[in-house]
Structures are given as C-alpha cells and as structure tokens.
1. Please tell me if L141 is outside any helix (DSSP H, G or I), under 13 Å from the mean Cα position of the chain (by Cα) and either touching a residue at least 40 places away in the same chain (Cβ under 8 Å) or surrounded by fewer than 19 Cβ atoms within 10 Å (Cβ to Cβ) (or both).
2. Of everything in segment 52-95, what is more than 20 Å from D112 (Cα to Cα) and either among the polar types (S, T, N, Q) or touching a Cys at 6+ places or on another chain (Cβ under 8 Å) (or both)? Give them in sequence order.
3. If you go through segment 104-116 one residue at a time, do you hit one that is crowded, with 19+ Cβ neighbours inside 10 Å, of a type in the set (A, V, I, L, M) and in contact with a His (Cβ under 9 Å, 6 or more places away or on another chain)?
4. Open to solvent by less than 30 Å² (accessible area, probe 1.4 Å) and under 19 Å from V9 (Cβ atoms): is that true of L133 in this structure?
5. Please go through segment 66-82 and pick out each residue that is within 22 Å of M6 (Cβ to Cβ) and in a loop (DSSP other than H, G, I, E, B).
6. So, of the residues in segment 83-107 that are in a loop (DSSP other than H, G, I, E, B) and acidic (D, E), which turns out to be nearest to the chain's Cα centre (by Cα)?
7. Can you tell me how many residues within segment 29-52 are outside any strand (DSSP E or B), in contact (Cβ under 8 Å) with a residue 60 or more places away in the chain and of a type in the set (G, A, S)?
8. Pick from segment 53-82 the residues that are touching a residue at least 12 places away in the same chain (Cβ under 8 Å) and over 18 Å from the mean Cα position of the chain (by Cα): which of them is most open to solvent (accessible area, probe 1.4 Å)?
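The values are calculated or read from the model by the stated rules, or taken from the named source; none is laboratory data. The model shown is predicted, which means the values in this text are computed figures rather than measured ones. Ideal geometry is used to build each Cβ from the backbone, glycine not excepted, and the neighbour counts take in all protein chains shown. Surface areas here come from the heavy atoms of the whole protein model, side chains and all, with no ligands, DNA or RNA. Shrake-Rupley method; radii C 1.70, N 1.55, O 1.52, S 1.80 Å.
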Amino acid sequence: MGGSDMGRVRVFLALSLDGFIAGPQDELDWLEPSGEVEDTFGPFLAEVGALVMGRRTYDVVRSFAGPWPYGERPLIVATHRPLEPAHAGVRAMAGDIVDLVAAARTLAGERDVYLDGGQLVRQALAAGLVDELTLTVIPLLLREGISLFGGLSARQPLLLEAVKPLGAGFVQLRYACPAVSPG
C-alpha cells in the first residue's frame, strides 16, 4: 500500500447498478447521462502520475473520437501482444500485476497510480494492491456485459469514505481498501 513517499494506487470506474462496466460487446454508450452530471474525472486525473490499463480496455479507449484523455501521463498497457501506441507515453508490458503496479509507481513518482480495466482491477484487489476504489453508479440495470467484480478470488472488505450524488441519478462511492491476505 502507499507509503508517505509514494502516491496511492487507485481505481476510478463507472458501472451499472447491477455491476457491469461495459456491455457484452464492450459498448459504453449507456454511460451517457440524460442530464447534467458533475465532472469528477478531471480532478481525479489531476492527481495521477501514471496509469496501468488492461489491453481490452486500452483497445476500447483507443477507438474513442477526440483528444487522448490522459494527457502526457505514462500509460502501461498489460499485454503480451504487439501494441500500436495511441500516444507517445503508451508502452506495452507483460508481467504479473505486482510488477505492472511497481513499474507504474516508479513512473508516477509521488503521484497516484490509476488502474483501469476489469480483469486488471480484480487482480490488483486480489493482490492487496488497491488503496482506493471510486465507483460511479449509473442508474441503469444493464442486465448483461462485462462484470467488474465477477470472478474475484476472495472477499474484499471495503471501508466507505464518501457518497456523492453527481446529478442525473449518478452516485459516486469512494472506498478505502484495507490490506487482506491474498487467496
């Protein structure tokens, strides 16, 4: 977990009320609010020094129109396959979650590390590497798709730190993740 000379390892994701982070074909169109929603991603990203992202998530983000959403921050993509970088700071890295997070911590310095991607987040939770989990709950029952927590290897206690309504029925939950024994 984060010490005083290094930033936190954080997860920041949106999910449907029934726990999905994407539709069955990785679609994210359901994330669009039907009204005004407070931007909490910008302030969160301002504290991030480096990212670790799963390959599947990277491929989805890379397909988005518009500017690269992570600015100049270094981004490690967890993959064994060749990678076409969407930005100069993007690099492919194979290895286990401990190695990926350690590399991102080095790149981030004293700033936070942002983990993104369902499988990668589950691995980091199982390894006890996540300090903070921020979830924006979308007022929708998606019914099927990519589950955030499906397949977790162990129970993970969470300590609620904040609940924040964002508008349009969106609610953000922030949890601290106390260390647990992996397995």
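1. The answer is no for L141.
2. Scanning segment 52-95 gives S63, T79.
3. The answer is no; no qualifying residue exists.
4. In short, yes.
5. Y70, G71, E72, R73, P74 - these are the residues of segment 66-82 that are within 22 Å of M6 (Cβ to Cβ) and in a loop (DSSP other than H, G, I, E, B).
6. Looking at the filtered set, the residue picked out is D96.
7. Filtering segment 29-52 for residues outside any strand (DSSP E or B) gives 29-47.
Cutting the leftovers down to in contact (Cβ under 8 Å) with a residue 60 or more places away in the chain gives us 30-31, 33-38, 40, 44-45, 47.
From what is left, the residues that are of a type in the set (G, A, S) are 34-35.
Counting residues in segment 29-52 that are outside any strand (DSSP E or B), in contact (Cβ under 8 Å) with a residue 60 or more places away in the chain and of a type in the set (G, A, S) gives 2.
8. H80
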